[in-house]
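What follows is a short report on a single structure.
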Amino acid sequence: MKLIKIATLGTLALSIAGLSACNNMMPTKSPATTAPMHSQPTANMNVVQIAQSNADFSLLVEALQAAGLAGALTDTSASYTLLAPTNAAFVQALQETGMTKAELFTNKPLLTKILTYHVLKGNTPVYQKHVRPGNYTMLSNDTLVITPQGRLMDENGRTTKILKTDIAASNGVIHVIDRVLLPK
């Protein structure tokens, strides 16, 4: 009887250890599927400062600086709607295009065209409640489509999810997206 109890306890201990190990191997949400969070109020920060305050936008900030757009997007007399790709989105775009980060960031005309394709033209920021399906002209003068399902479709037919909306800034609003938009 004592041997059966010991065997049962041993089996139970092994089962718990096995389940614990399996739990540690379970996939967690990747950065590409979660929206970046901010630990500080953003309404007094401009769109660039908000991006700078979040590590998940470090590639976006670096790209804005490489293209010479960071200064322009800090203008508090302007009003921007910025579709901000996460770092994971940039990595995915580099893989998709076969470019290295250095190749993209040193090609200022291409980088500028891509980044201005993430800024909506307009006199006022566009919050989620104002977004309607249809065609929108971006700062790059290229067209972005918002589908009836609320996804963004670039000129190459690639769709993008909006991960987080309405991050208010002193000079506009940011919507976080999971893919870099690519104009033709």
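The values are calculated or read from the model by the stated rules, or taken from the named source; none is laboratory data. This is a predicted model, so every value here is computed, not measured. Every residue, glycine among them, receives a Cβ derived from its backbone with ideal geometry; neighbour counts consider all protein chains shown. Side chains included, ligands, DNA and RNA excluded: accessible areas come from the protein's heavy atoms. Shrake-Rupley method; radii C 1.70, N 1.55, O 1.52, S 1.80 Å.
Tabulated results
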{"quantity": "Size of charge dipole - segment 35-121 - debye, nearest 20, with Cβ of Lys, Arg +1 and Asp, Glu -1, no other charges", "calculated": "160"}
{"quantity": "Relative packing of peptides 108-120, 141-153 - highest average C-beta neighbours within 10 Å first", "calculated": "108-120, 141-153"}
{"quantity": "Linear extension gain, Asp166 paired with Val91, 0.36 nm per residue minus alpha-carbon span", "calculated": "24.6 nm"}
{"quantity": "Amide hydrogen neighbours beyond the local backbone of Val180, cut-off 5 Å, H modeled", "calculated": "Ala93"}
{"quantity": "Area accessible to solvent at Glu103, 1.4 Å probe radius, in Å²", "calculated": "90"}
{"quantity": "In nm, spacing of pseudo-spin labels at Gln128 and Lys184 (7 Å Cα→C-beta vector)", "calculated": "3.2"}
{"quantity": "Dipole moment magnitude, nearest 20 debye, segment 106-179 about Cα centre, only Lys, Arg, Asp, Glu C-beta charged", "calculated": "80"}
{"quantity": "Percentage relative contact order, segment 56-184, counting C-alpha pairs under 8 Å, at least six apart", "calculated": "30"}
